[in-house]
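The values are calculated or read from the model by the stated rules, or taken from the named source; none is laboratory data. Nothing here was measured: the structure is a model prediction, and the numbers come from that model. Cβ atoms come from the backbone with ideal geometry, glycine included; neighbour counts cover every protein chain shown. For the accessible areas, the whole protein counts, side chains as well, though only heavy atoms, and no ligand, DNA or RNA atoms are used. Shrake-Rupley method; radii C 1.70, N 1.55, O 1.52, S 1.80 Å.
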Amino acid sequence: MANQVDSGTIVSRAKLSNTRTTPQKSRRVINIIRGERADVALTTLKFANQEVAGEIYQLVNSAVASAKLKNPTLRDASELWVAEATVDEGFTLKRFRPRAQGRGYRINKRTSSINIVLSSDKNFRTSGPVKRSAKKVETKSEGKAE
């Protein structure tokens, strides 16, 4: 899904849900490409040694294709930057492994959801840090102190 934000900034998003790699392993690869130009990120992912790099390569390539489709004036991936790249934890498959004396040990097979945002502006951010108000919540014990 590519769209244009004010001041001519091109934004393209791509999402990969519930891929069968752990979030920890996915974050190692995502941290390498975050903030890079899209063509440099694609080259890095092509030669990365991790298994998840192939899936992330397809995801970034899809986001580049989406941006080109929505904006025909875009020449190639060198005009786009990886503005945001996040990895969230997906669902966990729970399996049991038989162990000694009739016991079963649980094995967690984790999944991850990967989000990529490409932008023509290097410093583009879709959302800032979450600001929380400093409200004081009154408890029952504070009300009865008088």
Estimated vicinal HN-Hα couplings, Hz - the stretch 55-66 in sequence order (Karplus 6.51, -1.76, 1.60; Gly, Pro = x)
5, 5, 4, 5, 5, 5, 4, 5, 5, 5, 5, 5
By average Cβ neighbour count within 10 Å, what is the ranking of 54-61, 98-105 from highest down?
54-61, 98-105
In Å², and per residue, what accessible area does the stretch 1-123 have when probed at 1.4 Å with the other protein chains present?
61 Å²
How are the C-alpha pair distances of the stretch 23-121 spread across 10 Å bins, as whole percents from the shortest bin up?
15, 39, 23, 12, 7, 3, 1
